[in-house]
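Heads up, the thing below is written out as structure tokens.
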Amino acid sequence: MPDTLTNLIDGEQVPAQSAATLDSIEPATGLVHTRVPDSDDADIDAAVAAARAAFPAWSDTPPAERSRLILRLADLIERDLDRLARAESIDSGKPISLARAVDIPRAAANFRFFATAILHTDSAAHQSNLPGPGGAIRALNVTLRKPRGVAGLISPWNLPLYLLTWKIAPAIATGNTAIAKPSEVTPLTAFMLGELAVEAGLPPGVLNIVHGRGPTAGAALVSHPDVPTISFTGGTETGRAIAHAGADTFKRISLELGGKNPNLVFADAELDDAVATSVRAAFTNQGQICLCGSRILVERSIHDEFVDRLVAGAMARRLGDPLDESTEHGALVSEDHLAKVDSYVQLARELGGEIRCGGKRAAPPNNRCKDGAFYEPTVITGLDPACRPQQEEIFGPVVIVTPFDTDDEALAIANATPYGLASMVWTSNLKRAHHVTERLDTAIVWVNCWMLRDLRTPFGGMKHSGLGREGGKDALNFFTEPKNVCIRL
Ligand code: NDP
């Protein structure tokens, strides 16, 4: 791996034009492990120029050929699975086993899914028979779909390659050219993806990867007049800023934002399954997944037993060096983020919450990780559902449990946040499952499961958790412009 990463622009690996770099820190050790270009608007301009120049030929390339190249890229990701998983673990602090089992295979799956989806699309056609001044007029309406041009793709640090490829795959498969701006906190696998894209034979300029900070490189991309499409995944406040910035140039924007996802456990649930999955849903990737179930609402009759078992499950998670194969709970992404997570736990304490386990920085698992950002899995009870730790996204290994007495009360608590991303319902009563899922104000509801993702389904959030949907046909539609042609017969 080079000491300093580079941007991929027009098929070439190049430093930022200013030559400025930022340190990239391994969260498990606190040490700088590489440097990343601190790109700015000059680099974004160069990437946009390359993407614009590549667009006519790429959008005109037969889908079968685009598909072939993208499938080759998926193969290369699988070939390099171990190398990529190790890089993802070093960069983000996530357990290497998680990166190997989930993050990297999903990146390959994203490319495969959209590379093959474009071979099976169809266009809508409407036979029309409309009243006219002299009698019926017959016409045929055909809706064409064309790629929109240059797409700006901005992704966060929690699932670095997984989420970046979730955007790149549909964008380029549908014939757009792209500029990807990964989080500067986790640039490594994006850099490696750039190398693999060149090896796969993607034409220069089709995929450009520009590293750098959000307020500089990210903002330059969002406000660029020649970038009509922006797909963003990240925090709600950043999403708001992007929506404002894109409004001036009437960009089409998809926003996948934060969540404060309720997990409703009814007394008639299969408790073993509900507890085991709730532990995973709370603490996978150290709780740094937008879909994590961070608020657990439990029917009062089983509340105490559930909490005891949840605490046991939390404490049993193997905290360790992320590069150790047996580790289940790695480092948080940074010291700054750990401080933010801890501040919410302190606030919960001040508000009278009971810390049932965790609630502090964890002892380092070994000498290599002595300065790492490790935080114990934390379970809190006794907090008012309206308080800040229950309302704001903590995005760490912290889960808050609240009892409820009736279905209506559970729904009222579940829906009483500004977020509307995902929810979970645990019940063995089908009628209740229907009743509750219909009334939950979230865009995704999992019944008796969590994180079962079929890539054909619409993915996104409602309320302050996002605008628009990606995945399946929604993504194909997002990255294409419908044009209706009406032919009078
Ligand atoms: P941020 O919103 O801080 O950053 C996300 C990306 O946006 C990064 O690449 C960041 O760059 C960039 N960025 C920051 N400011 C701007 C700006 N003004 N203009 C353009 N780009 C900008 O989120 P985090 O990286 O902290 O990620 C965590 C958040 O992501 C959580 O809220 C989580 O819920 C959400 N998320 C949502 C998902 C969903 O599908 N709904 C999935 C996963 C995460 P840089 O990092 O370099 O500053």
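The values are calculated or read from the model by the stated rules, or taken from the named source; none is laboratory data. Fair warning: this is a prediction, and the values are worked out from it, not measured in the lab. Quick reminder, even Gly has a Cβ in these numbers, built from the backbone with ideal geometry, and neighbours come from all protein chains shown. SASA here: full protein model, heavy atoms, side chains in, ligands and nucleic acids out. Shrake-Rupley method; radii C 1.70, N 1.55, O 1.52, S 1.80 Å.
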Region 437-455 - residue that is in contact (Cβ under 8 Å) with a residue 40 or more places away in the chain and away from the ligand (no atom under 16 Å from the Cβ) and, of those, farthest from S59 (Cα to Cα): N448
Close pairs from region 225-236: first among the hydroxyl-bearing types (S, T, Y), partner part of a loop (DSSP other than H, G, I, E, B) and within 14 Å of the ligand (Cβ to nearest atom), Cβ under 6 Å, at least 6 apart: T233/S155; T233/P156; T236/L257; T236/G258; T236/H464
Checklist (1) within 24 Å of N263 (Cα to Cα); (2) not in a strand (DSSP E or B) applied to K370, failing item: (1)
Qualifying residue in region 325-348 (condition: touching an Asp or Glu at 6+ places or on another chain (Cβ under 7 Å) and either open to solvent by less than 20 Å² (accessible area, probe 1.4 Å) or in a loop (DSSP other than H, G, I, E, B) (or both)): yes
Test: residue in region 396-417 that is within 14 Å of the ligand (Cβ to nearest atom), open to solvent by 40 Å² or more (accessible area, probe 1.4 Å), in a loop (DSSP other than H, G, I, E, B) and in contact (Cβ under 8 Å) with a residue 12 or more places away in the chain: no
Single unsatisfied condition, M192 versus (1) open to solvent by less than 10 Å² (accessible area, probe 1.4 Å); (2) over 14 Å from the mean Cα position of the chain (by Cα); (3) under 28 Å from K146 (Cβ atoms): (3)
Residue match in region 196-209 (condition: hydrophobic (A, V, I, L, M, F, W, C), within 9 Å of the ligand (Cβ to nearest atom) and in a helix (DSSP H, G or I)): no
Some residue of region 281-289 being touching a helix residue (DSSP H, G or I) at 6+ places or on another chain (Cβ under 8 Å), open to solvent by 10 Å² or more (accessible area, probe 1.4 Å) and assigned by TED's automatic domain parsing to the domain that holds R388: yes
Residue in region 421-464 that is farthest from G259 (Cα to Cα), counting only those that are outside any strand (DSSP E or B) and charged (D, E, K, R): K431
Filter result for T189 (more than 9 Å from the ligand (Cβ to nearest atom), β-branched (V, I, T) and in a helix (DSSP H, G or I)): yes
Residue check for A180: on the phi < 0 side of the Ramachandran plot, more than 9 Å from the ligand (Cβ to nearest atom) and out of contact with any Lys or Arg (no Cβ under 6 Å at 6 or more places or on another chain): yes
Lone qualifier among D82, D91 - being farther than 22 Å from P365 by Cα and assigned by TED's automatic domain parsing to the domain that holds V206: D82
A16, sole failed condition from (1) open to solvent by less than 70 Å² (accessible area, probe 1.4 Å); (2) among the hydrophobic types (A, V, I, L, M, F, W, C); (3) under 25 Å from L332 (Cα atoms); (4) in a loop (DSSP other than H, G, I, E, B): (3)
Residue within region 159-173 that is touching a strand residue (DSSP E or B) at 6+ places or on another chain (Cβ under 9 Å), open to solvent by 30 Å² or more (accessible area, probe 1.4 Å), touching a residue at least 60 places away in the same chain (Cβ under 8 Å) and under 20 Å from D60 (Cα atoms) present: no
Some residue of region 136-145 being within 16 Å of the ligand (Cβ to nearest atom), in contact (Cβ under 8 Å) with a residue 12 or more places away in the chain, open to solvent by 20 Å² or more (accessible area, probe 1.4 Å) and more than 24 Å from A64 (Cβ to Cβ): no
Scan of region 98-116 for residues that are touching a Leu at 6+ places or on another chain (Cβ under 9 Å) and either open to solvent by less than 20 Å² (accessible area, probe 1.4 Å) or within 17 Å of A28 (Cβ to Cβ) (or both), ordered by number: A99, R100, D103, I104, A107, A108, N110, F111, F114, A115
Cβ pairs under 8 Å, 6+ apart, first in region 72-89 and under 18 Å from W157 (Cα atoms), second open to solvent by 90 Å² or more (accessible area, probe 1.4 Å) and at pLDDT below 95: A87/M1
Extreme residue, nearest to G93 (Cα to Cα), among residues of region 248-302 that are small (G, A, S) and not in a loop (DSSP other than H, G, I, E, B): G287
Only one of G471, G420 that is within 18 Å of the chain's Cα centre (by Cα), outside the structural domain of K146 (by TED's automatic domain parsing) and at pLDDT 95 or above: G420
Filter result (assigned to a helix (DSSP H, G or I), of a type in the set (G, A, S) and over 17 Å from the mean Cα position of the chain (by Cα)) within region 108-163: A115, A117
Residues within region 220-276 that are polar (S, T, N, Q), surrounded by fewer than 24 Cβ atoms within 10 Å (Cβ to Cβ) and within 8 Å of the ligand (Cβ to nearest atom), tallied: 2
Among the candidates D45, D75, D91, residue that is closer than 16 Å to L193 by Cβ and in contact with a His (Cβ under 9 Å, 6 or more places away or on another chain): D91
Some residue of region 117-134 being open to solvent by 60 Å² or more (accessible area, probe 1.4 Å), modelled with pLDDT of 95 or more and closer than 17 Å to S254 by Cβ: no
